[in-house]
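Engineer: Have a look at the structure that comes next, please.
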Amino acid sequence: MPSDARPDPQEPAEPAPVSVPDPGLRTIGLVRWGVVAWLVVLAVVLAVPSLRTGDRAWWVWVPVAGALLGALGHGYLARGRGNARDA
């Protein structure tokens, strides 16, 4: 294609940049509330013996895993990783 050729009017134009609205909620705050919620669930499971006896003995480990994974995610976000704005 010669350098002085004009663009074809049939070709689509460059798309306009998209502006993402600010959701008003920081991800790290949401993760903090999630960890708190898992700790509350853990306290309830430990306080009510019928929720952790017999076939439900594994129920204790669900909120433990949730809180630990949430804490791991909190540490990841607190270090500045996972920032969607810079992606």
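Engineer: Among the residues of region 36-87, what is the count of those that are of a type in the set (Asp, Glu) and at pLDDT below 90?
Structural biologist: Final tally of qualifying residues: 1.
Engineer: Moving to a separate point now. Under 8 Å by Cβ, and 6 or more places apart or on different chains, what pairs join a residue from region 25-51 that is over 25 Å from residue 76 (Cα atoms) with one that is open to solvent by 80 Å² or more (accessible area, probe 1.4 Å)?
Structural biologist: These pairs meet every condition: 45/52; 45/59; 46/52; 50/56; 51/59.
The values are calculated or read from the model by the stated rules, or taken from the named source; none is laboratory data. If you're wondering where the values come from, they're calculated on a predicted model, not measured in any experiment. When we count neighbours, we look across all protein chains shown, and the Cβ atoms used for this are built from the backbone with ideal geometry, even at glycine. Ligands, DNA and RNA are stripped out before the accessible areas are found, and what is left, the full protein with its side chains, is counted by its heavy atoms. Shrake-Rupley method; radii C 1.70, N 1.55, O 1.52, S 1.80 Å.
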